[in-house]
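The values are calculated or read from the model by the stated rules, or taken from the named source; none is laboratory data. Quantities reported herein were computed from a predicted structural model and do not represent experimental measurements. Cβ sites come from the backbone with ideal geometry, for glycine too, and all protein chains shown count toward neighbours.
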Amino acid sequence: MFCALSEVKGMGIKMKALRKLKEGKGNVAIQEVPEPKIQPNEVLMKVWAAGVCGSDLLIEDDKHFYKAPVTLAHEFSGVAYKIGKDVRKIKEGDHIVGDIETPTGWLGVTRDGAYAPYMSMPEDVCYKLPKDFNLDYGAMTELHTGIIHIMQERTSVKARDFVVVVGPGPMGLLGVQFAKMRGASKVALIGLKKDKKRLEVGEKIGADYILYSDEHPEKTVMELTSGKGADFVLEAAGARVGNNIVGAQHAIDCARRAYEGEGGKGELAFISLWGEPISLDFDQVCLGQLNIHGCWSWNGSETWQRAVELVTSGVLNLDPLITNKYSLEEWETAFKRLRAGEDIKALIYPNGRDWL
């Protein structure tokens, strides 16, 4: 059985954690750190799984905000291992997930996260899962908050909308399913040729059309919509081919335009991060009177409660999205495979997978 903790003479209980050690590109490594000590209002979670996210790669590349040194990972699930004396709603043994935004920092970004056997967090950001619910799926709850915020709170997919999703990553594939759940008439999913396996998953989980980035997908979308364009576009690619920001440009080019009148026919939701300035042809944003919404966070506990209910409802198919499972020591392989697009959502298990 994997031993998560070790006793170091004179130093107390130590654990291995994957950390951004200091500023600059790279500087990510496994380091021994003390087991977290909890405040009276905090919960010590024994981590079951932590999802590998593109934001982790951006932090490794020094293209995302963070505060070093910090243990990475902000997508997680686990079990309440210890509770502070003032904790009331969470009990030891509860299966939990948590909002990453706490009063003292963002878990896995500016406050220690879940690439470690144990992580502390305030009770107020903890949410209980049913004891019999799959904790692998639970580790994807944060993605569900993002999709709800993007496609329901910041914008809204309406019944019978023609929807385009740009990018067959985890957010894009969840977006395909969420759009269909909200009544979209058709969903087109756009990706690169190298995304073939991801696009096959997209087709399996509900995409009506699979379009390739280098085959003028905007022309196909216009043909499919009798020249109108997509009512709703989710940009979740962050893709760059050479100097071309293809994903974001596809989003603009595929959207429904209104050259006269009040406009606002085409809704665009942008969730991608590029980690640097990008260049786009914005003429059609103005001429076509498009609505662009930047989406990043969520509406606090309201969104998180919705996300917990959604992820535990079983209405979204999550199995095809989880493509690999790694130990903490295999983090470099996990990061490399995500960069290459070989994984969709990979999970890291800091305590191994044989303790529940």
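Inside the range 270-293, can you point out the residues that are of a type in the set (A, V, I, L, M, F, W, C) and under 15 Å from the mean Cα position of the chain (by Cα)? Step through it out loud before you land on a result.
So the first thing to find is which residues in the range 270-293 are of a type in the set (A, V, I, L, M, F, W, C), and the list is 270-271, 273-274, 278, 280, 282, 285-287, 290, 292.
Phe270, Ile271, Leu273, Trp274, listed by residue number.
Exactly one of (1) at pLDDT 95 or above; (2) not in a loop (DSSP other than H, G, I, E, B) is unmet by Gln284. Its number?
(1)
Within the range 133-140, is there a residue that is modelled with pLDDT under 95, charged (D, E, K, R) and over 18 Å from Arg306 (Cβ atoms)? Before the answer, list the steps.
Of the residues in the range 133-140, the ones modelled with pLDDT under 95 are none.
No, the range 133-140 contains no residue that is modelled with pLDDT under 95, charged (D, E, K, R) and over 18 Å from Arg306 (Cβ atoms).
On the given criteria, is Ala258 small (Gly, Ala, Ser) and part of a loop (DSSP other than H, G, I, E, B)?
Numbers: small (Gly, Ala, Ser): yes; part of a loop (DSSP other than H, G, I, E, B): yes.
So Ala258 passes the test.
For the range 104-133, how many residues meet the condition of being assigned to a loop (DSSP other than H, G, I, E, B) and either surrounded by 20 or more Cβ atoms within 10 Å (Cβ to Cβ) or touching a residue at least 60 places away in the same chain (Cβ under 8 Å) (or both)? Give the steps one after another, and end with the answer.
Step one: filter the range 104-133 for residues assigned to a loop (DSSP other than H, G, I, E, B), giving 104, 108-110, 112-117, 130-133.
Pick out the ones that are also either surrounded by 20 or more Cβ atoms within 10 Å (Cβ to Cβ) or touching a residue at least 60 places away in the same chain (Cβ under 8 Å) (or both) and you get 108-109, 112-117, 130, 133.
Number satisfying all stated conditions: 10.
Answer yes if at least one residue in the range 338-346 is within 24 Å of Val79 (Cα to Cα), at pLDDT 95 or above and acidic (Asp, Glu), and no otherwise.
Taking the range 338-346 first, the residues within 24 Å of Val79 (Cα to Cα) are 345-346.
Going one step further and asking which of them are at pLDDT 95 or above, we end up with 345-346.
Retained after the next criterion (residues that are acidic (Asp, Glu)): none.
No - not one qualifying residue is present in the range 338-346.
Which of (1) over 28 Å from Gly26 (Cβ atoms); (2) in a strand (DSSP E or B); (3) of a type outside the set (Asp, Glu) does Thr323 not meet, given it meets every other one?
Only one criterion is unmet by Thr323, namely (1).
Could you count how many residues in the range 287-316 are closer than 20 Å to Tyr137 by Cα and buried (at least 16 other Cβ atoms within 10 Å of the Cβ)?
Total satisfying the criteria: 10.
For the range 317-340, what are the residues that are crowded, with 17+ Cβ neighbours inside 10 Å, touching a residue at least 40 places away in the same chain (Cβ under 8 Å) and within 15 Å of the chain's Cα centre (by Cα)?
If the condition is that a residue be crowded, with 17+ Cβ neighbours inside 10 Å, touching a residue at least 40 places away in the same chain (Cβ under 8 Å) and within 15 Å of the chain's Cα centre (by Cα), then Leu318, Leu321, Ile322, Phe335, Leu338 are the ones that fit.
Given the conditions (1) under 20 Å from Ser77 (Cβ atoms); (2) surrounded by fewer than 21 Cβ atoms within 10 Å (Cβ to Cβ); (3) of a type in the set (S, T, N, Q), report the number of the one that Thr145 does not fulfil.
Going through the list (1) under 20 Å from Ser77 (Cβ atoms); (2) surrounded by fewer than 21 Cβ atoms within 10 Å (Cβ to Cβ); (3) of a type in the set (S, T, N, Q), Thr145 breaks only (2).
Are there strands (runs of 3 or more DSSP E) fully within the range 142-245 with at least 1 residues that are among the acidic types (Asp, Glu) and within 30 Å of Gly108 (Cβ to Cβ)? List them.
Working: elements: 162-166, 186-191, 209-212, 232-235.
Hits in the range 142-245: 232-235.
Taking the options Trp296, Trp355, Trp304, name whichever one is part of a loop (DSSP other than H, G, I, E, B) and under 15 Å from the mean Cα position of the chain (by Cα).
Trp296
Taking into account only those residues within the range 71-103 that are touching a residue at least 12 places away in the same chain (Cβ under 8 Å) and out of contact with any helix residue (DSSP H, G or I) (no Cβ under 9 Å at 6 or more places or on another chain), which is surrounded by the most Cβ atoms within 10 Å (Cβ to Cβ)? Even if it seems obvious, please write down each step before you answer.
Let us first name the residues in the range 71-103 that are touching a residue at least 12 places away in the same chain (Cβ under 8 Å), namely 71-90, 92-103.
Adding the requirement that they be out of contact with any helix residue (DSSP H, G or I) (no Cβ under 9 Å at 6 or more places or on another chain) leaves 71, 80-82, 85, 92-94.
On the way: Thr71: 23, Ala80: 20, Tyr81: 19, Lys82: 17, Lys85: 8, Glu92: 12, Gly93: 11, Asp94: 19.
Restricting to residues being touching a residue at least 12 places away in the same chain (Cβ under 8 Å) and out of contact with any helix residue (DSSP H, G or I) (no Cβ under 9 Å at 6 or more places or on another chain), the top hit is Thr71.
Would you mention how many residues in the range 134-167 are in contact with a strand residue (DSSP E or B) (Cβ under 7 Å, 6 or more places away or on another chain) and either under 20 Å from Pro350 (Cα atoms) or assigned by TED's automatic domain parsing to the domain that holds Glu92 (or both)?
Here is the first cut: in the range 134-167, the residues in contact with a strand residue (DSSP E or B) (Cβ under 7 Å, 6 or more places away or on another chain) are 135-136, 138-141, 150-151, 154-155, 157, 161-167.
Adding the requirement that they be either under 20 Å from Pro350 (Cα atoms) or assigned by TED's automatic domain parsing to the domain that holds Glu92 (or both) leaves 135-136, 138-141.
Residues flagged as in contact with a strand residue (DSSP E or B) (Cβ under 7 Å, 6 or more places away or on another chain) and either under 20 Å from Pro350 (Cα atoms) or assigned by TED's automatic domain parsing to the domain that holds Glu92 (or both) within the range 134-167 amount to 6.
Somewhere in the range 226-238, is a residue farther than 21 Å from Asn291 by Cβ, at pLDDT below 95 and in contact with a helix residue (DSSP H, G or I) (Cβ under 8 Å, 6 or more places away or on another chain)?
No, there is no match, as no residue in the range 226-238 is farther than 21 Å from Asn291 by Cβ, at pLDDT below 95 and in contact with a helix residue (DSSP H, G or I) (Cβ under 8 Å, 6 or more places away or on another chain).
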